[in-house]
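These notes are about the structure you will find just below.
The values are calculated or read from the model by the stated rules, or taken from the named source; none is laboratory data. Given the structure is predicted, the values throughout are model-derived calculations rather than measurements. All Cβ positions, glycine included, derive from the backbone under ideal geometry; neighbour counts span all protein chains shown.
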Amino acid sequence: MKVEAIEKLLIDVKENKVDIAEALSTLKQLPYQDLGFAKIDHHRELRQGYPEVIYCSGKTIDQIVHIIEIMIHRGSNVLGTRATEEMFEAVKKQFPMAAYNQSARTITIVQKEIEPSKGYIAVVTGGTSDMPVAEEAAVTAEILGNKVERIYDVGVAGIHRLFSKLEIITNARVVIAVAGMEGALASVVGGLVDKPVIAVPTSVGYGANFGGLAALLSMLNSCASGTAVVNIDNGFGAGYMASMINKL
């Protein structure tokens, strides 16, 4: 619930369009709504500007559908991450406007207009195999109201591919650099641009990559100033942080 919604509720009470009992019921559930298995934080959009996001992995289909139903009733846009196609099919049966990004494994429902930001976020990957994590970042940034430019498969194994897209990357307000293997892309990009770079290590790589640990350590030890690192495969965290920076 946003400030505007509370203002409208108070005006409706003042103009006798809503009775006091109904208004109290609405306000009582403002901080959070206890479903037993989950406590939906309705107050989050008021505090932080963005509604709660549903991490679908580990939840049952019924739980996900119930949470979405409550959020839809509250007028929120919905983002569900790490969702399976089976989860999406169940959600779409009840909410036909739901959309699924197979690569990102995200469910999105847009029921109120998203005003896009003036600046844009560039999402850059080292390889095609990094795209699922990059897409999670891109979808997250988009539903939070940002323009996104996707620049994929421009890693250090063919650095000329990166240079050909440098103007687009340089003109972004924030850059998300997604890479597995040795994770060198973040340092390269960080050394070329004067914007914040959010590095995302992925679990893409052979044995000594250790499920993304090698890329994570490379990015943490980057000599490029202005580069920050999120957790392995955490495209959502990168997209969310990039949105906050872009809207400062």
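At a glance:
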| quantity | calculated |
| --- | --- |
| Whichever residue in the range 99-117 is touching a residue at least 12 places away in the same chain (Cβ under 8 Å) and among the small types (G, A, S) and, among such residues, is farthest from I67 (Cα to Cα) | S117 |
| Residues that are touching a Gly at 6+ places or on another chain (Cβ under 8 Å) and at positive phi, drawn from the range 193-210 | G205 |
| Within the range 143-176, tally of residues that are surrounded by fewer than 20 Cβ atoms within 10 Å (Cβ to Cβ) and assigned to a helix (DSSP H, G or I) | 11 |
| Cβ pairs under 9 Å, 6+ apart, first in the range 174-200 and without any contact (Cβ under 8 Å) to a residue 12 or more places away in the chain, second among the aliphatic types (A, V, I, L, M) | none |
| Filter result for the condition that a residue is under 20 Å from N209 (Cβ atoms) and of a type in the set (S, T, Y), over S129, S103 | S129 |
| Residue that is surrounded by the fewest Cβ atoms within 10 Å (Cβ to Cβ) [pool: residues in the range 87-113 that are aliphatic (A, V, I, L, M) and farther than 15 Å from A138 by Cα] | M97 |
| Residue in the range 177-184 that is modelled with pLDDT of 90 or more, farther than 30 Å from E52 by Cα, of a type in the set (D, E, K, R) and assigned to a loop (DSSP other than H, G, I, E, B) present | yes |
| Flag for A122 being in contact (Cβ under 8 Å) with a residue 12 or more places away in the chain and crowded, with 21+ Cβ neighbours inside 10 Å | yes |
| Qualifying position, being assigned by TED's automatic domain parsing to the domain that holds G180, surrounded by fewer than 22 Cβ atoms within 10 Å (Cβ to Cβ) and assigned to a helix (DSSP H, G or I), among S218, S225 | S218 |
| Test: residue in the range 169-190 that is under 19 Å from the mean Cα position of the chain (by Cα) and on the phi > 0 side of the Ramachandran plot | no |
| In the range 79-109, the residues that are under 14 Å from the mean Cα position of the chain (by Cα) and β-branched (V, I, T) | T81, T106, I107, T108, I109 |
